[in-house]
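The values are calculated or read from the model by the stated rules, or taken from the named source; none is laboratory data. All values reported here derive from a predicted model rather than from experimental measurement. For neighbour counting, all protein chains shown are included, and Cβ atoms are generated from backbone atoms with ideal geometry for every residue, glycine included.
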Amino acid sequence: MAEKVAGELLMESLAARGVKTVFAIPDGTYNVCFKWALEHGEAKGIKFVSPRHEAAGAHMADGWFRAEGTPSVVMAGAGPGAANLLSGVVTAHVEEIPMVVITTQRRRAVIQPPKGAMQVFDQRACFSPVAKASFQVLDPGRIPELLGKAFSIAQNGVPGPVHLDIPEDVLNSQVAAPEEAEPPGISPLPEGDKELIEKAARILWEAKTPMVHAGTAVVRCGAWDELREIAEYLGAPVTTSPGGRGAIPEDHPLCVPTVCIGARVALSQSDVCLALGCRFGELEFWGKPPLWGPPSSQKLIQIHIAPERIGENRPAHLAIVGHLKPALRALLRELEALGPPRPEQERLSGLRKTVEQWRRDLEATYLKDTVPLIPGRVIHEVRQFFPRDAVMVMDGGNTGLWCVHFHPVLEPRTFLWTSEFGHLGTGLPYAIGAKLARPDKIVYLISGDSAFGFNIQELETAVRLKTPVICIVMVDGAWGMEKASQKRIFGHESFLNCDHGPMRYDEVAKAMGCFGARVREPHEIRPALEEAMASGLPSVIHVDVDPTANVDPPGMDLWVGTHSA
């Protein structure tokens with residue numbers, strides 16, 4: 001049987017699984033993989049993308065999945081490379097992003113046990129708590145097997161990253177090339193218990209004011225059509241978790257936007273809630289009154305792929321363990337058997353009026369042509385400028401609150417944000433990963449200046465990769481959300497260690513080969529966006545916003561009230 005280098009076998013196994021991109025910085029411990037890519041990558045349809053920092057590479061892989069829906073791959077070299085990668089993998093773990101994480105180790109003779117070699121630490125011990133599984137590959141012949149296991153574990157059940165650790169001597173060793181095997185058969189996705197689905201349909205059919213609540217998993221597993229069809233059949237309002245935005249267009253007649261007063265009314269006054277792929281965490285107010293109805297008067301039907309997530313923070317009246325797409329298809333069939341589609345609930349007209357009044361109040365308060373600019377005024381115009389299917393990435397603390405109120409999400413997989421981990425600095429790498437995955441889409445980032453500073457070096461990556469993402473950076477020269485926190489704790493507006501030195505983000509961008517523009521007045525917003533689009537380059541629009549207004553964005557009171565579990 002012919003032999004080949006194990007690193008070549010690794011790359012061929014990735015290519016055979018349809019992997020198009022591997023995010024990795026070149027490193028001597030796996031340059032055998034780069035050699036294969038140089039010689040065979042184009043023919044095999046796979047390439048390496050190199051960030052300027054390993055954590056940013058993991059974030060790019062994360063953003064790739066969110067925009068495109070297929071698992072991503074990230075690699076890092078031994079020691080410092082793996083250590084740098086860790087925060088990006090932690091984020092993917094908390095956010096439940098399927099990802100294959102490959103790290104190299106120094107040769108086996110010096111790592112087990114350590115003998116004083118450079119760049120050695122117990123990588124599996126560090127990655128195991130933040131990965132669904134972690135394997136050390138000690139036999140080069142097992143690379144295809146363990147890679148297949150990694151992809152399977154990453155995608156099944158609650159998704160997440162899976163770690164493979166490969167010593168450099170294993171990766172560079174000769175291995176017998178296995179015969180090509182047929183791809184494994186795909187098991188049908190579990191739809192859940194048939195009797196429970198029938199019972200759920202009956203409960204929803206007999207309810208007077210049922211509603212649907214969509215969690216992040218609806219978008220992650222592509223079940224947005226099924227969600228919409230169920231809601232339309234029931235004529236029921238739909239809310240989403242903050243991370244589930246895009247599961248239903250926020251201009252759909254049945255959608256009640258996530259943080260508006262109408263959502264609070266719907267959540268608290270529905271007699272049945274069909275909860276899809278959510279866990280009732282902190283940003284869903286733990287599923288508790290007064291924002292939700294009391295369990296004694298509001299039945300909860302919860303569908304989730306993982307049984308341990310059922311009733312995690314709120315007891316479920318009826319629980320279905322299954323994959324959302326087939327489970328919702330089965331539920332819709334049962335509803336159709338019970339009768340024709342229901343008319344819209346009478347209360348929807350009142351909910352829409354409440355939402356419209358909420359929007360009018362926001363616009364009257366914040367959409368003013370003042371200087372310095374109010375963040376909401378900028379974000380409102382940004383949303384109007386870009387098409388509904390453009391991909392928006394959000395990064396930052398208070399900037400996120402402004403976005404929730406002034407940037408509706410109108411299509412699935414067009415909103416990227418670390419809703420569960422809140423990891424600052426993901427924005428620019430997410431945008432690059434999304435643009436690589438979906439080059440046909442416009443991709444733009446709305447970020448605070450503090451968050452943007454974490455990975456600003458990746459502007460060079462964007463230029464090198466020719467990914468023309470547009471970055472709108474809200475510059476208040478401070479850790480805005482921390483000012484809000486200190487104001488609450490200190491009881492006054494004198495802040496400690498919150499202010500930054502002055503910085504021109506547009507000029508930094510120009511120095512890296514990007515388009516850059518500065519905006520200080522309302523009439524400058526749209527021309528800057530037009531010039532950024534016309535440039536065809538990665539772009540940074542530095543927007544000076546009112547630091548005083550940014551300390552107290554809309555929704556801050558609601559956020560403060562969610563902290564007690």
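A few remarks follow.
- Among residues of region 222-247 that are more than 11 Å from Gly277 (Cβ to Cβ), those with a beta-carbon under 6 Å from a residue that is among the aromatic types (Phe, Trp, Tyr) at least six positions away or on a different chain give the pairs Arg245/Phe415; Gly246/Phe415.
- The criterion of at least 3 residues that are at pLDDT 95 or above and small (Gly, Ala, Ser) is met by none of the helices (runs of 4 or more DSSP H) wholly inside region 158-247.
- Only one entry of Leu291, Leu351, Leu267 meets the criterion of being out of contact with any Ser or Thr (no Cβ under 9 Å at 6 or more places or on another chain) and not hydroxyl-bearing (Ser, Thr, Tyr), and that entry is Leu351.
- Extreme residue, farthest from Ala437 (Cα to Cα), among residues of region 383-404 that are at pLDDT 95 or above, of a type in the set (A, V, I, L, M) and surrounded by 24 or more Cβ atoms within 10 Å (Cβ to Cβ): Met394
- Exclusive hit being assigned by TED's automatic domain parsing to the domain that holds Ile442, among the small types (Gly, Ala, Ser), surrounded by 14 or more Cβ atoms within 10 Å (Cβ to Cβ) and touching a Leu at 6+ places or on another chain (Cβ under 7 Å), set Ala484, Ala549, Ala509, Ala532: Ala509
- The residue list Arg124, Arg107 contains one member that is within 30 Å of Ala2 (Cα to Cα) and either surrounded by fewer than 22 Cβ atoms within 10 Å (Cβ to Cβ) or not assigned by TED's automatic domain parsing to the domain that holds Asp27 (or both), which is Arg107.
- When the test is whether a residue is in the same structural domain as Asn497 (by TED's automatic domain parsing), crowded, with 24+ Cβ neighbours inside 10 Å, touching a residue at least 24 places away in the same chain (Cβ under 8 Å) and in contact with an Asp or Glu (Cβ under 6 Å, 6 or more places away or on another chain), Gly427 passes it.
- Some residue of region 15-32 being at positive phi and surrounded by fewer than 20 Cβ atoms within 10 Å (Cβ to Cβ): yes
- Qualifying residue in region 292-309 (condition: closer than 24 Å to Gly477 by Cβ and assigned to a strand (DSSP E or B)): no
- Residues of region 339-353 that are surrounded by 12 or more Cβ atoms within 10 Å (Cβ to Cβ), under 15 Å from Glu229 (Cβ atoms) and either touching a Cys at 6+ places or on another chain (Cβ under 8 Å) or of a type outside the set (Lys, Arg) (or both): Pro341, Glu344.
- Summed over region 31-57, the residues that are closer than 20 Å to Val170 by Cβ and over 29 Å from the mean Cα position of the chain (by Cα) give a count of 4.
- Yes/no for Met75 being closer than 23 Å to Gly281 by Cβ, crowded, with 21+ Cβ neighbours inside 10 Å, modelled with pLDDT of 95 or more and not charged (D, E, K, R): no
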